[in-house]
Amino acid sequence: MPVVEIKKDIYWVGVVDWNIHDFHGYSRSPQGTTYNAYLVMDDKITLFDSVPAPFQMDLYHQIRSLIPLEKIDYIVCNHIEPDHAGAMPFLMDKTKPEKVFCSKMGHRALLDHFHQPDWPYHPVQSGDSISLGKRTVHFMETRMLHWPDSMFSYLAEDKLLISNDAFGQNIASSQRFDDEVDLPMLMDLSSHYYHNIVLPYSNRVTAVLNDVAKLGLEIDMIAPDHGLIWRSHVDTILKAYRDYAEQRPHNKAVIVYDTMWQSTEKMAKAIAEGVMEEGVAVKIMHLKEYHHSDVMGELATATGIICGSPTHNNGIMPLVANFLTYMQGLRPLGRVGAAFGSFGWSGEGVNTISDWLKTAKVEVVEPGVKVKNVPNHEKLAECKELGRQVAKAIKAKIEAAQ
Ligand SMILES: Cc1cc2nc3c(=O)[nH]c(=O)nc-3n(C[C@H](O)[C@H](O)[C@H](O)COP(=O)(O)O)c2cc1C
Ligand SMILES: [Fe+2]
Ligand SMILES: [Fe+2]
C-alpha cells in the first residue's frame, strides 16, 4: 500500500494485513485488518505507533519511501500491545531516536516486553505536551481503553486525534478514509470491534469522551491504529461510541446453542417463535456455525440472550461453555436471558447455563426449559412460552429506559 498524506506533512505509513481472519486469537476479522502508523514531518520527525514484528520490513519500506529511517527523531508509542509495538526493537535499532514517548504505564510495559532499560524513554501523562517544531502534541492517558498503557496523541494545529485502538475497525482496504467506503458497512465493523474488544471498558469510554468534550478539543480527523481514518464522519463515530458504551436496550433477542442430535435445535426454533409472537426480533445462532465474536457482534443490538445446550457428560457442550466464558469476560450490561436444552438422564445442562448467565449479571427468566430426549408438541409449546416471557422482559426494559 502506498503511503498517504492524510494532512499536510502527516503520512499514513501503516501496513494492510489483507488475509488475516483471526484477530489476536479471540475475534474473527473476516475482512482482514490494518496496523496504522503515522509519520509527521516536522523539525522533529516523529513516528506514531508501529506494526507487529512480522510486518517490520513492510513498515521499513513505507517509511523509507519518504525518508531514511535514521532521520526519525521521536517515536511515540501510544500502546504497547504487540500489534502496535512489536516492531519496536527493529525500529529502535534502525532509527536510534532521540526520545521515545509513552505513558508511565507504557514505560513499564515496554520494559516488560522488550527488556531494554537503555532506550531513551520519556514517560508522559495527561496534560503533558511536546513541540515538534511547527506543531504541538498533547498527550492524554486513556487507561484501560483498552490496556493500562493506552493513550491518545492530539496534534492541536492539525486538529488530529491519533486514537490508537479506540475508534478502530478491522478492515483491509485500499481506501484510507471513512468517506471512501460504505458507511453502514464501516459502522458495522466498528460495532463488531467495540463489542469484542472495548465493551468491558465502556465506563472508561464515557469518561474519556467526557474529558475530550470538557477540553473542547477541536477534532476534524480521528486516526485510529486499525482500519480507516475518520474525516467526514467524526461526529458519527464519537456518537456511536457514546451509544455503544451506554448499552441502551434493543428490541431483539439472540438465541445461541449447540446440539448433537438436534433436539436442542428444535427447542431453539420454538423459543424463537415465541419471541417473534411478541413483536421482538430474533436471531438464531448455532455455535458450530457462528464464531463467538460474531455472536457478540449481534448482541450489540440485542437485549435478550437465550442460551441452550444438551446435557453433555453432566455439563454443557464445549462450544457453549466457550461462548459463555467469552461473553462473561466482555461484561455486557442490562441483558435478560434464559436457558434451555435437551437431556438423556441426569439433565444438568440448563441449570449450568442459568448459573453461568447469572454470574454474567444477566437477568434470567426461570426456570428455563428442559426436555428429556426429543421435544413433543407440549414441550415445544413450553419453549414458545419461554420465548414470549423473555420477549416481554425485553419490552419491559425498553419501556423502563424511555
Ligand atoms: C457423549 C454424550 C454424553 C452425554 N452426557 C449426558 C449426561 O451427562 N447427562 C444427560 O442427562 N444426558 C447426557 N447425554 C444425552 C444427551 O443430553 C441427549 O441425547 C440429548 O437429547 C441430546 O440433545 P441434542 O439432540 O440437542 O444433541 C449425553 C450424550 C452424549 C452423546
Ligand atoms: Fe490493543
Ligand atoms: Fe490494536
Complete set of residues in region 24-52 that are under 18 Å from Asn78 (Cα atoms), in contact with a Phe, Trp or Tyr (Cβ under 7 Å, 6 or more places away or on another chain) and small (Gly, Ala, Ser): Ala37
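Out of region 210-236, which residues are surrounded by 20 or more Cβ atoms within 10 Å (Cβ to Cβ) and either in contact with a Ser or Thr (Cβ under 9 Å, 6 or more places away or on another chain) or more than 27 Å from Phe177 (Cα to Cα) (or both)? Spell out the reasoning first.
We begin by selecting, within region 210-236, every residue surrounded by 20 or more Cβ atoms within 10 Å (Cβ to Cβ); these are 221-230.
Result: Ile222, Ala223, Pro224, Asp225, His226, Gly227, Leu228, Trp230.
Any residue that is among the hydroxyl-bearing types (Ser, Thr, Tyr) and surrounded by fewer than 24 Cβ atoms within 10 Å (Cβ to Cβ) - is there at least one of those in region 242-258?
Pass one, region 242-258, residues among the hydroxyl-bearing types (Ser, Thr, Tyr): 244, 257.
Now drop any that are not surrounded by fewer than 24 Cβ atoms within 10 Å (Cβ to Cβ), which leaves 244.
Checking region 242-258: at least one residue is among the hydroxyl-bearing types (Ser, Thr, Tyr) and surrounded by fewer than 24 Cβ atoms within 10 Å (Cβ to Cβ).
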Elements of type strands (runs of 3 or more DSSP E) in region 265-349, at least 1 residues being without any contact (Cβ under 8 Å) to a residue 40 or more places away in the chain and surrounded by fewer than 20 Cβ atoms within 10 Å (Cβ to Cβ): 281-286
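Hey, among Asp225, Asp179, Asp235, which residue is under 21 Å from Val3 (Cα atoms) and more than 16 Å from ligand 2 (Cβ to nearest atom)?
Asp179
How about region 1-118: which strands (runs of 3 or more DSSP E) wholly inside it have at least 1 residues that are under 30 Å from Glu289 (Cβ atoms)?
Numbers: elements: 4-7, 10-12, 15-17, 33-35, 38-40, 46-48, 74-76, 99-103.
In region 1-118, the matching strands (runs of 3 or more DSSP E) lie at 15-17, 33-35.
Would you confirm whether or not region 89-102 contains a residue that is within 16 Å of ligand 3 (Cβ to nearest atom) and closer than 27 Å to Asp211 by Cβ? Steps first, please.
Step one: filter region 89-102 for residues within 16 Å of ligand 3 (Cβ to nearest atom), giving 102.
Those still in the list that are closer than 27 Å to Asp211 by Cβ too: 102.
Looking through region 89-102, at least one residue is within 16 Å of ligand 3 (Cβ to nearest atom) and closer than 27 Å to Asp211 by Cβ.
Residue by residue, here is whether (1) touching a His at 6+ places or on another chain (Cβ under 9 Å); (2) of a type in the set (S, T, N, Q) holds:
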| site | (1), (2) |
| --- | --- |
| Val295 | no, no |
| Leu299 | yes, no |
| Ala302 | yes, no |
| Cys307 | no, no |
| Ser354 | no, yes |
| Glu366 | no, no |
| Leu386 | no, no |
Test: residue in region 134-143 that is in contact (Cβ under 8 Å) with a residue 60 or more places away in the chain and within 16 Å of ligand 2 (Cβ to nearest atom): yes
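Looking at Pro89, Pro120, Pro97, which one is loosely packed, with under 15 Cβ neighbours inside 10 Å, assigned by TED's automatic domain parsing to the domain that holds Gln169 and more than 16 Å from ligand 2 (Cβ to nearest atom)? Reasoning before the result, please.
On the way: Pro89 fails: loosely packed, with under 15 Cβ neighbours inside 10 Å; Pro97 fails: loosely packed, with under 15 Cβ neighbours inside 10 Å.
Just a single option satisfies the conditions, and that option is Pro120.
Examine region 111-125 for a residue that is closer than 19 Å to Pro224 by Cβ and more than 16 Å from ligand 1 (Cβ to nearest atom), and state whether such a residue exists. Even if it seems obvious, please write down each step before you answer.
So the first thing to find is which residues in region 111-125 are closer than 19 Å to Pro224 by Cβ, and the list is none.
No, region 111-125 contains no residue that is closer than 19 Å to Pro224 by Cβ and more than 16 Å from ligand 1 (Cβ to nearest atom).
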Note on region 216-254: residues assigned to a helix (DSSP H, G or I) and without any contact (Cβ under 8 Å) to a residue 24 or more places away in the chain are Val234, Asp235, Lys239, Asp243
Verdict on Glu70 being among the charged types (D, E, K, R) and within 15 Å of ligand 2 (Cβ to nearest atom): no
Looking only at region 361-372, decide whether some residue is buried (at least 21 other Cβ atoms within 10 Å of the Cβ), among the hydrophobic types (A, V, I, L, M, F, W, C) and more than 21 Å from His250 (Cβ to Cβ). yes
Candidate set: region 126-174, residues that are closer than 16 Å to Tyr38 by Cα and among the small types (Gly, Ala, Ser); chosen: the one nearest to ligand 1 (Cβ to nearest atom): Gly168
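Yes/no per residue for (1) within 16 Å of ligand 1 (Cβ to nearest atom); (2) outside the structural domain of Cys383 (by TED's automatic domain parsing); (3) modelled with pLDDT of 95 or more; (4) in contact with a His (Cβ under 9 Å, 6 or more places away or on another chain):
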position: Ser202; (1), (2), (3), (4): no, yes, yes, no
position: Val205; (1), (2), (3), (4): no, yes, yes, no
position: Glu218; (1), (2), (3), (4): no, yes, yes, no
position: Met221; (1), (2), (3), (4): no, yes, yes, no
position: Asp225; (1), (2), (3), (4): no, yes, yes, yes
position: Trp230; (1), (2), (3), (4): no, yes, yes, no
position: Val234; (1), (2), (3), (4): no, yes, yes, no
position: Ser263; (1), (2), (3), (4): yes, no, yes, no
Within region 374-389, is there a residue that is more than 22 Å from Glu277 (Cα to Cα), aliphatic (A, V, I, L, M), in contact (Cβ under 8 Å) with a residue 24 or more places away in the chain and surrounded by fewer than 23 Cβ atoms within 10 Å (Cβ to Cβ)? yes
Can you name every residue in region 281-309 that is more than 22 Å from the chain's Cα centre (by Cα), of a type in the set (A, V, I, L, M) and closer than 13 Å to Ala338 by Cβ? Val282, Ile306
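The values are calculated or read from the model by the stated rules, or taken from the named source; none is laboratory data. Quantities reported herein were computed from a predicted structural model and do not represent experimental measurements. Reconstructed Cβ throughout: ideal geometry from the backbone, glycine too, with neighbour counts over all protein chains shown.
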